[in-house]
Amino acid sequence: MATEKKKGFFERIGDLFSNRDELAKEAEAKKKAAELAEQQRQAIKAQADKQAAELAKAREEAAATAEKQRQAIQAEVAEKAAEAAAEAKANILATHTVSGDETLSHIALRYYGHATPPYYKLIYEFNKAVIGDNMNIIRAGQVLEIPQLPEELTNK
């Protein structure tokens, strides 16, 4: 084992002075690295903020476009519904309130002059929502719309 010689006071001070420049350079390098890291962080934050603003703008534009499309579709549906309602009203011959002793064949005979299945089934199909699933059960007070006869039944 080699014995190390203890350094004296002046030798230690000399070591400190000789390392002082190296320590100063190291501290300066750390400071510059911290500044560079802060600049990079700020640049990344600025870029993220810019992208967030662009995304928010794109979302607003998409929402506005979707709302315009929804309104256009809604207007188109309302227009078609109005046309269908007008067409359906044009195809209605009369409105009839069922009395207690009537059947669909009685009603068909009254409006069409025929009490056969093609005629009363036409009334049933046109009023299925009012009558229900069983065409043999109609109730007094039900209001039925009597449709105009289609071409194939007017020639019989």
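Only the coordinates and a few stated rules stand behind these numbers; no lab work does. For clarity, every value in this text was computed on a predicted model and none was experimentally measured.
Across the stretch 18-81, counting alpha-carbon atoms alone, Rg and Dmax equal 27.5, 94 Å.
Rg and Dmax, both from the Cα atoms of the stretch 1-151 and both in Å, are 46.2, 135.
Per-residue ellipticity at 222 nm from helix content only, as computed over the chain with -39500 (n - 2.57) for each DSSP H run of at least four residues, stands at -24500 deg cm²/dmol.
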